[in-house]
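The values are calculated or read from the model by the stated rules, or taken from the named source; none is laboratory data. These numbers come from a predicted model, not from an experiment. Don't worry about glycine lacking a Cβ; one is built from the backbone with ideal geometry, like all the others, and counts go over all protein chains shown.
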Amino acid sequence: MPAASDFRALERRNRRDTVMLIGAFVIVFLLIGCAFDFLAGTLQIHQGHIYGAPIFMVLALIFASVQSTVSYFGGAPLILLSVHAQALTPDTPKHQMVLDVIQEMALASRLPVPKAYFIPDPAPNAFATGRNPEHSVICVTQGLIDNMDREELQGVIGHEMSHIADYDIRTMMMVAVLVGGIAMLSDFMVRMSFFNRNDRDSDHRDGGIIVILMIVLAVIAPMLSQLIAMAVSREREYLADASAVEFTRNPRALLRALQRIAETESPLKEGVRGTAHLFIVNPLAANADDDGGFFASLLSTHPPLRKRIERLQAMLAAPTAAASLSDRA
């Protein structure tokens, strides 16, 4: 298990990654704000020169700053609200078992015990979120609770505890909220562009070109933000699988859990694209990540489930491969 100094290094790395990601999202927000300026006429192009004031660009910067702050301090409650999660209480033996496993994995990872929530959905899945280990949350679906035995639950919860230990939860939480903000602004921009199209002089060539470019930007911006979220998510899943083995001391635990999920996986009713990268497996479609191919991998929020299972099987066959798996992740 990583030493305390390693966790500090991971925290610094994730803090740096978070700042870089927020910077990338702020640039996208500024581009969208610039688009609003051209659509609203506060910025205009005349004879190759730009005139006016970037009012909406400034407003977009303010919006991005406010949303980044809100996502840092209040992102977890927003995410839980978006998936209709409920507090997990020991009202049934199965729920009590989940709470016990969370405490066990918190002890194994030497971290504070996260708050526990569940989604009343039959699809087996789970995710962790929060800004740091002291303010972390683990959320599981009712389908996961119903389908997993204690050993398999340990594997899944160990995986999520790894995301908490590595401070992945903070980065991915902020990405989830910022992706939602970009999608909302882009949708509004598309509507605004079509609304303003009839108000523009059809002979104004520059204006027509700007409208076309802004519509293209409105379509591309959500896709770009999704690609960023997907790339960041895929990088972290293999490492979390390896760390789950370290926390449980049992490669079979997560292996059996992923095999069971692969057999029973179904779309999560409460799953949305903005939060898909948070879950242990893709919540939007059954086995959607296992189709293969470059573009399938590029557009996937997770590594192929088949490859994750194969790596765990290799660890089970040769326990000494655990260290090399962690290095390759």
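Looking only at region 39-96, count how many residues are within 30 Å of Tyr167 (Cα to Cα), touching a residue at least 60 places away in the same chain (Cβ under 8 Å) and β-branched (Val, Ile, Thr).
3
Is it fair to say Pro93 is surrounded by 22 or more Cβ atoms within 10 Å (Cβ to Cβ) and not polar (S, T, N, Q)?
Spelling it out, it is not the case that Pro93 is surrounded by 22 or more Cβ atoms within 10 Å (Cβ to Cβ) and not polar (S, T, N, Q).
Run down Ser233, Ser225, Ser162 and say which single residue is closer than 29 Å to Arg16 by Cα, at pLDDT 70 or above, part of a helix (DSSP H, G or I) and of a type outside the set (Lys, Arg).
It is Ser162.
Does Asp146 count as assigned to a helix (DSSP H, G or I), touching a residue at least 12 places away in the same chain (Cβ under 8 Å) and surrounded by fewer than 18 Cβ atoms within 10 Å (Cβ to Cβ)?
Judged against the criteria, Asp146 is a match.
Out of Ala108, Ala76, which single residue is at pLDDT 85 or above, in a helix (DSSP H, G or I) and surrounded by fewer than 20 Cβ atoms within 10 Å (Cβ to Cβ)?
Testing whether each residue is at pLDDT 85 or above, in a helix (DSSP H, G or I) and surrounded by fewer than 20 Cβ atoms within 10 Å (Cβ to Cβ) leaves just Ala108.
Here is a list of conditions, (1) touching a strand residue (DSSP E or B) at 6+ places or on another chain (Cβ under 7 Å); (2) buried (at least 18 other Cβ atoms within 10 Å of the Cβ), and Ile50 meets all of them except one; can you say which number that is?
(2)
Condition (residue is of a type in the set (Gly, Ala, Ser), loosely packed, with under 15 Cβ neighbours inside 10 Å, at pLDDT 70 or above and part of a loop (DSSP other than H, G, I, E, B)) applied to region 31-45: is it met by at least one residue? Talk me through it step by step, then tell me what you get.
So the first thing to find is which residues in region 31-45 are of a type in the set (Gly, Ala, Ser), and the list is 33, 35, 40-41.
From what is left, the residues that are loosely packed, with under 15 Cβ neighbours inside 10 Å are 40-41.
Add one more test, that the residue is at pLDDT 70 or above, and what stays is 40-41.
Next cut, part of a loop (DSSP other than H, G, I, E, B) only: 41.
Looking through region 31-45, at least one residue is of a type in the set (Gly, Ala, Ser), loosely packed, with under 15 Cβ neighbours inside 10 Å, at pLDDT 70 or above and part of a loop (DSSP other than H, G, I, E, B).
Checking the conditions here, which among Phe127, Phe118 is in contact with a Phe, Trp or Tyr (Cβ under 6 Å, 6 or more places away or on another chain) and either at pLDDT 95 or above or buried (at least 24 other Cβ atoms within 10 Å of the Cβ) (or both)? Steps first, please.
Values: Phe118 fails: in contact with a Phe, Trp or Tyr (Cβ under 6 Å, 6 or more places away or on another chain).
Every option except Phe127 fails the conditions.
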